[in-house]
Ligand SMILES: Nc1ncnc2c1ncn2[C@@H]1O[C@H](COP(=O)(O)OP(=O)(O)OP(=O)(O)O)[C@@H](O)[C@H]1O
Ligand SMILES: [Mg+2]
């Protein structure tokens with residue numbers, strides 16, 4: 001298994017439990033649509049899988065590596081080498097141009113492939129925006145840069161938090177085509193949060209988060 005989430009619980013300080021035994025597994029090359037009401041814990045689950053935050057109990061293993069056993073250095077290595085995230089709030093680096101943002105993660109991971117970054121830029125319709133800064137982009141353009149940056153590393157596991165939420169249907173379709181190409185060519189596993197039935201219908205499986213558990 002490329003990803004196993006085993007009875008994970010998470011409660012933020014002072015709040016009610018968010019995850020209460022969430023369990024999920026994925027093989028390489030598999031695609032899952034994750035749905036659930038607003039506030040059900042979808043982003044929380046993605047952040048835990050990406051080793052950006054710590055869970056309270058249970059276990060998450062990415063590519064055979066158990067996250068609970070890792071120190072900060074080990075967690076940073078998992079983020080750098082195995083996982084890429086398309087954040088719901090994009091998290092672009094404001095002081096870097098579009099072109100620099102697209103290459104940033106891949107460069108850090110020492111896996112920069114300029115030809116692949118060019119293809120991503122062109123298929124996401126970003127080739128005329130490469131010299132701009134994120135603050136001068138529309139929401140949908142920023143979202144496409146966030147998607148491209150995550151895909152540029154060809155991660156083993158791509159976590160995408162409502163990646164087509166700000167895009168029209170045609171652009172959303174093109175973005176999904178590109179992600180599914182990556183899945184086919186690189187064996188990337190894709191866990192994608194979406195509210196769109198049309199998007200979910202194109203993925204292998206559907207997981208639903210409610211009451212802190214995945215069904
Ligand atoms: N950093 C945080 N500190 C405290 N509470 C948080 C934090 N992040 C999320 N929460 C709370 O955890 C719960 C789950 O939030 P989360 O963002 O995971 O939901 P979501 O399913 O992604 O929702 P949406 O569809 O609106 O994006 C919510 O009640 C939220 O208020
Ligand atoms: Mg969310």
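The values are calculated or read from the model by the stated rules, or taken from the named source; none is laboratory data. Small disclaimer: the values here were computed from a predicted structure and weren't measured. In this analysis, Cβ positions are derived from the backbone assuming ideal geometry, glycine residues included, and neighbour counts consider all displayed protein chains.
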Report yes if residue 191 is more than 16 Å from ligand 2 (Cβ to nearest atom), within 21 Å of residue 120 (Cα to Cα) and under 15 Å from the mean Cα position of the chain (by Cα), otherwise no. no
Being surrounded by 16 or more Cβ atoms within 10 Å (Cβ to Cβ), within 16 Å of ligand 1 (Cβ to nearest atom) and more than 29 Å from residue 7 (Cα to Cα), is that true of even one residue in region 85-94? no
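Rundown of residues vs (1) more than 20 Å from the chain's Cα centre (by Cα); (2) closer than 18 Å to residue 188 by Cα; (3) surrounded by fewer than 20 Cβ atoms within 10 Å (Cβ to Cβ), yes/no style:
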residue	(1), (2), (3)
124	no, no, no
139	no, no, yes
151	no, yes, no
165	no, no, yes
Take the residues in region 118-128 that are touching a residue at least 24 places away in the same chain (Cβ under 8 Å) and assigned to a helix (DSSP H, G or I); name whichever of them is nearest to residue 100 (Cα to Cα). 121
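When you check residue 203 against the structure, is it in a strand (DSSP E or B) and crowded, with 18+ Cβ neighbours inside 10 Å, yes or no? Please lay out each step first, then the result.
Values: in a strand (DSSP E or B): no; crowded, with 18+ Cβ neighbours inside 10 Å: yes.
Spelling it out, it is not the case that residue 203 is in a strand (DSSP E or B) and crowded, with 18+ Cβ neighbours inside 10 Å.
Given the options 169, 135, name the one that is modelled with pLDDT of 95 or more and over 28 Å from residue 1 (Cβ atoms). Show your work before the answer.
Numbers: 169 fails: modelled with pLDDT of 95 or more.
Going through 169, 135 in turn, just one is modelled with pLDDT of 95 or more and over 28 Å from residue 1 (Cβ atoms): 135.
So for region 45-55 (the condition being more than 14 Å from ligand 2 (Cβ to nearest atom), within 16 Å of the chain's Cα centre (by Cα) and within 23 Å of residue 77 (Cβ to Cβ)), does at least one residue qualify? Give the derivation first.
The initial filter retains those residues of region 45-55 that are more than 14 Å from ligand 2 (Cβ to nearest atom), namely 51, 54-55.
Then drop every residue that is not within 16 Å of the chain's Cα centre (by Cα), which leaves 51.
Those left that are additionally within 23 Å of residue 77 (Cβ to Cβ): 51.
The answer is yes, given that some residue of region 45-55 is more than 14 Å from ligand 2 (Cβ to nearest atom), within 16 Å of the chain's Cα centre (by Cα) and within 23 Å of residue 77 (Cβ to Cβ).
Can you work out which of the residues in region 23-71 that are under 17 Å from residue 212 (Cβ atoms) and in contact with a helix residue (DSSP H, G or I) (Cβ under 6 Å, 6 or more places away or on another chain) is farthest from ligand 1 (Cβ to nearest atom)?
Taking region 23-71 as the starting set, the residues that turn out to be under 17 Å from residue 212 (Cβ atoms) are 23-24, 34-49, 53-60.
Keeping just the survivors that are in contact with a helix residue (DSSP H, G or I) (Cβ under 6 Å, 6 or more places away or on another chain) gives 34, 36, 53, 55, 59-60.
On the way: 34: 9, 36: 5, 53: 8, 55: 12, 59: 19, 60: 15 Å.
Step by step, filter region 23-71, then rank; the result is 59.
Of the residues 19, 24, 34, 3, which single one is at pLDDT 95 or above and within 13 Å of residue 161 (Cα to Cα)?
The unique qualifying residue is 34.
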